[in-house]
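Inspection log for the structure reproduced underneath, given as structure tokens.
What follows is calculated from the coordinates using simple rules that are stated; it is not laboratory data. Because the structure is a prediction, the values reported are computed rather than measured. So basically every Cβ, Gly included, is an ideal-geometry build from the backbone, and we count neighbours across all protein chains shown.
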Amino acid sequence: MTANGTEGPGSAGGFERRLLLAVDAKGYGRADTVTQREFQEAITRLLDAAAATARLYRASWVIQEGGDSVFAVLPGKAYEPALIDTFMRALDAGLRAFNQNRVPRGRLRLRAAVHFGAASLGANGFVGRAPVETGRILDCTALRRALQVAPDACLAVAVSAAVFHDVVRDAYTTIPPDEFCQVRVEEKEYEGEAWIWVPGFGIRQSDLEPDRRATVPGAEGPETDGGDSGAGEAPLPPEGPTGPVNKSGVPRVEVDLEVEKIAGAATMVRTDRLEGTIKATAKVGCVTSEGTFVGADIFTTRDEK
């Protein structure tokens with residue numbers, strides 16, 4: 001653990017509410033030694049650069065590092081909107097620059113979680129409910145899935161419910177609230193809500209939680225006596241196909257296919273015109289000796305005049 005500045009999160013057993021940030025790299029354990037070294041160097045450098053851009057200088061952070069992961073307690077005067085907005089945008093831009101021209105297995109992709117709560121120093125790290133909750137949000141299935149359903153994304157960010165409602169929904173950032181997706185977090189002993197944002201990609205709730213009906217960010221549900229007011233729980237059926245929304249303006253079609261056996265002729269994509277990108281993913285158990293499978297059949301026709 002590194003206490004970079006003199007303003008730490010309090011003495012052991014002390015109580016202070018701080019802004020908490022956790023970051024972890026996808027696929028680090030499967031990378032070779034050279035790539036792991038590159039990832040470690042890049043994580044440190046990119047976090048430093050993003051913090052400087054957001055004026056959240058890392059010299060004042062108290063940091064617990066773990067190779068591909070970082071847990072940080074920011075100083076008491078840290079500006080929450082800057083961490084969620086400017087910092088994350090700069091981090092995403094830095095990741096894209098680092099990943100330029102790198103092969104897929106050598107790309108650095110990060111998950112990040114932001115929370116606000118009490119954190120105290122212990123004998124071997126931070127103690128308190130907030131640091132634990134931050135870790136559970138970082139490790140939740142929905143946040144991991146966000147990078148799976150958006151394979152071109154470099155960063156997926158999850159914020160706690162309190163941070164979302166106080167900072168994002170109340171318009172203290174330039175990020176529209178509807179770019180965040182509400183998810184349920186159930187990791188180990190922790191159960192709660194989080195809001196996920198993937199810069200540059202419109203992720204739907206049906207992408208992250210296929211078994212749960214979609215909800216509207218900021219919608220108010222029926223009030224209850226005490227506890228959660230039900231905010232964000234207005235159910236709606238998913239609209240349109242699942243998958244991240246492409247905001248680049250270039251036409252893009254994504255097709256997913258999963259079958260146990262192909263015994264006849266099967267073509268996954270057949271078209272006479274291609275404008276943009278087609279991404280097709282197939283999971284086929286087997287193709288019999290009488291069967292044929294074509295991934296894409298693209299043919300052109302000439303208009304007769």
Under the 0.36 nm per residue contour assumption, what length would be gained going from the current alpha-carbon distance of Lys283 and Asp170 to full extension? 36.4 nm
With a cut-off of 8 Å between alpha carbons and a minimum separation of six or more residues, what is the relative contact order of segment 35-162 in percent? 22
For Ala263 and Gln64 in the same chain, what is the full-extension length gain: residue separation times 0.36 nm, less their Cα-Cα distance, in nm? 66.1 nm
A correct Karplus calculation of ³J(HN,Hα) over segment 122-132, with 6.51 cos²θ - 1.76 cosθ + 1.60, θ = phi - 60°, whole Hz and x for Gly and Pro, returns x, 6, 9, x, 9, 10, x, 5, 4, x, 5
Residue separation times 0.36 nm, minus the C-alpha to C-alpha distance between Arg17 and Glu41: what's the value? 5.6 nm
In terms of modelled amide H atoms, which long-range or inter-chain residues lie less than 5 Å from the amide H of Val287? Ile262
Sorted by mean Cβ packing within 10 Å, highest first, what order do the peptides 26-36, 84-94 take? 84-94, 26-36
